[in-house]
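The values are calculated or read from the model by the stated rules, or taken from the named source; none is laboratory data. Please read these numbers as outputs of a predicted model, since none were measured by experiment. Note that each Cβ is placed from the backbone with ideal geometry, even for glycine, and that neighbours are counted across all protein chains shown.
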Amino acid sequence: MQRIRDIAKGDRAAFETFYQAYQKRLFHYLYVMVRGVDVAEELTNDVMLEVWKGAGRFRGQSKPSTWLFGIAHHKALNELRRKRPRLEPLHISHKMPDPALGPEAASVRDSERAGVWRAVSSLSPEHREVVELTFYHQATYREIARIVSCPVNTIKTRMFYAKRHLRTLLATERSISQRERSS
Amino acid sequence: MNHLQIAGLLPWYVNGTLEPEERRAVEEELASCRECAAQADELKVMRAAVADCNEQFPEPSPFLFSRALSRVAEHERGKAAEKETLHGWWRRQIPVVASIILAVPLVFITAFAAVIAARSFYTQDAVVSKNAVEPVSVEYVKSSGPRAAQPQTAPDVVAQLAPASRTAAQIARTGQVALFVRHVEPAIRSLYAIAQRSGGDVVGLQDDVPSEPAARHTAEATLSVPAPRFNSTLRAAAGLGKLISETVQAENETGQIIDYRARLDNARRTEADIRQIMDRSGNIDQVLAAESELSSVRQQIEQLSAELNDAQHAVSYSTISVDLSSEAAAAGSQPPLSAQLGDAWAAARRAASAVSVALAAVVLWLVAFAPYIAALGLIAALVWLARRRRNLTA
C-alpha cells in the first residue's frame, strides 16, 4: 500500500520495485489470456502505465495484486474484443533443464507441456482465466471474483466447467502424445 | 456444507487458499468421500501441470521495464505539455481578453457618441437650412396677430400656465437687448435655436442687409417664449454678442384681466337680459331697439374676449426683442476666414461637449450592465476553454 502511495506521488523507484515484483505474474496472466508474447508484453506495460496514472485512486480496499489483475483483466478482455490473437505455440525456454532426464525423457516432457498449453489455451478466456489465477497465481476464489467483477458462485461454476473441459482436453492430448511416441 | 459445496471448493483447497474452517470441512469430506478425494488428486495433477507449463512460459523482454519507463516519461511529458499548453493558452488569451474588454465598451461608446453627435448636427443643420430659405433682405414679420403668433411648439406650456394665471399675480414681462455681434446671420440662426430650445419661436424678424459695404449689418428679432423661460432665454440671447443694452419690463396685468373678466361677465348678463326683454315684448319698435342694443353688446363681448386673450397671452408668453448689429461693416458677402474658423471652432466645441456627455452616459450604462457583461464574458470564456481542452485531449 505504501509503495502505491509512493507511486501516486510520482516516485519512480517505487514504481520500479512494484514493476519488478509483479511483472512476471502479470505477463503470465496476460500471456495465457491473449496467447501471444508481443501482445502480452504490450498489455503488461499498458497495465503498469495505468498503475502509474491511477495509483492515487487506489484506496487499499483489496490487495495490490487483486487491483493490478483487475486492471489486467479489463485490458485483456478489451484486447480480445478488439482482435482475437492468433494462438502461438508454447515457446519452451528450458530454463530449468533437469539433468536427471535423458534427451528422450526431456522430449517427452516438453511434448506433455505443449499438450497442457494447448489444452489450457483451448479453454474459453473466462475459463482459462479462472484456471490460471487459481492454479498458478494462488488466488482465492474471492479475489478472483473481485478481479473479474463477478459473484463468487459464478467463479465456482466457471471453475467447475473449466475443470471438466480441461480433463477432457488433457486426456485427448495424452492419447495423442502416446500415439506419437508409440509410432 | 454439503458434498457439492465442498466439491466446489476443491480447486482452492488444492492451491491452499481456503479459510481454516473451509479447509477443515474439506479435509473431513476428503477423509470420508472417495469421489472427492479422487477429484482432489486430479486437481493436484492439473495444478502441477498448469504451474509447470507456466514455468516454461517465455520470459518477457529484458527491455520491457525500460519501455515502460519510456511510456511513463512520455505520459508525464504529455501531462506537463497539456498543463503548459493550458497555461500558455491562458497567457496568450490575456491580451485578447483585455482587448475585448476594452474594445467592446469603446465600440459602444463610439457608436453611441456618433449617434448623439449626428443627431445634434442634424438638428443644427435643420435650423440653418430653415433660415437659409427665409428672405433676409426684406422686412419680414412672421405674424402680427396674438393667436397666430402663439408658438405651436409648446401648447403644453400654455395649458400648464393657464390655471395658475387665474390665482397668481398676472405679470407680463418684456425684454429688450441690443447686441454687437461679429456677424449677424449666425446670430440670427442662434436666436432661432435659442427660441426653439425654450419652447418658443421667433415671431418677428427684420434683417437689414446693408446695401453699401461700409454700412453696418443690423437686424431686429422678436422672440416669444413661455414666461418661465424668460430669464434663461434673455441670458442666452444676451450671450450671443457684446451687450449694448438690456431692458426688462414687467407689467402687472392682474387688475386689467380682472377688469376684462368683470366687464365680459357684465356684457354677457346684459346680453341675456336683452334676450329676455325681446322674448317678452310684443312691440316691434321695442324689439328693433333691443336688437340694436344686442348687436352692440355682442360686439363689446367679442372685443373684451379678444383683449382678455391678449392680456392672458402676454402673461403666459414673454416677448424679447433682440437688436443685432454687426461690429464692423461687411467687407463682402462671405464672412472672413477667421470668422469661419471661429464658427467651426464653436461648432466643434459644441460637438465635443455633446460627445463628452454621450461618453459619460455610455460609461454609466456600461457600469449598470457590468454584471451581465461579466456573466456573458465568463460563459464565453468557459465554452472556449472547454473546447480548447477537448481539442487538447483529442
Taking the stated definitions as given, is B:GLU19 under 24 Å from A:GLU132 (Cβ atoms) and within 12 Å of chain A (Cβ to nearest Cβ)? yes
Identify, from the list B:ALA219, B:ALA272, B:ALA331, B:ALA267, the residue that is modelled with pLDDT under 85 and either surrounded by 14 or more Cβ atoms within 10 Å (Cβ to Cβ) or farther than 28 Å from B:GLN176 by Cα (or both). B:ALA331
B:SER70 passes all but one of the listed conditions (1) at pLDDT below 80; (2) surrounded by 11 or more Cβ atoms within 10 Å (Cβ to Cβ); (3) in a helix (DSSP H, G or I); the exception is number (1)
Answer with yes or no whether B:ASP207 is of a type outside the set (S, T, N, Q), more than 16 Å from B:HIS313 (Cα to Cα), surrounded by 16 or more Cβ atoms within 10 Å (Cβ to Cβ) and in contact with a Ser or Thr (Cβ under 9 Å, 6 or more places away or on another chain). yes
Tally of residues being at pLDDT 80 or above and surrounded by fewer than 10 Cβ atoms within 10 Å (Cβ to Cβ) across segment A:79-123: 2
Are there any pairs with C-beta distances below 6 angstrom linking a residue in segment B:343-366 that is in contact (Cβ under 8 Å) with a residue 24 or more places away in the chain to a residue that is among the aromatic types (Phe, Trp, Tyr), with the two at least 6 apart or on different chains, and if so which? B:ALA358/B:PHE112; B:VAL362/B:PHE108; B:VAL362/B:PHE112
Exclusive hit being in contact (Cβ under 8 Å) with a residue 40 or more places away in the chain, farther than 26 Å from A:VAL120 by Cβ and assigned to a helix (DSSP H, G or I), set A:GLY60, A:GLY56: A:GLY56
Do we have any residue at all in segment B:27-40 that's over 20 Å from A:LEU26 (Cβ atoms) and touching a Pro at 6+ places or on another chain (Cβ under 6 Å)? no
I need a count of the residues in segment A:131-157 that are more than 9 Å from every other protein chain (Cβ to nearest Cβ), outside any helix (DSSP H, G or I) and within 17 Å of A:PRO64 (Cα to Cα). 1
From the option list B:SER318, B:SER326, B:SER338, B:SER353, single residue qualifying as under 29 Å from B:GLN206 (Cβ atoms), within 36 Å of the chain's Cα centre (by Cα) and of a type in the set (S, T, N, Q) is B:SER318
Considering only residues of segment A:5-25 that are buried (at least 21 other Cβ atoms within 10 Å of the Cβ) and more than 9 Å from chain B (Cβ to nearest Cβ), which is farthest from B:GLU55 (Cα to Cα)? A:ILE7
(1) among the small types (Gly, Ala, Ser); (2) within 14 Å of chain B (Cβ to nearest Cβ); (3) within 14 Å of A:ILE4 (Cβ to Cβ): which one isn't true of A:ALA72, the others all being true? (3)
Within segment B:3-55, the count of residues that are more than 24 Å from A:VAL120 (Cβ to Cβ), out of contact with any Cys (no Cβ under 6 Å at 6 or more places or on another chain) and among the aliphatic types (A, V, I, L, M) comes to 6
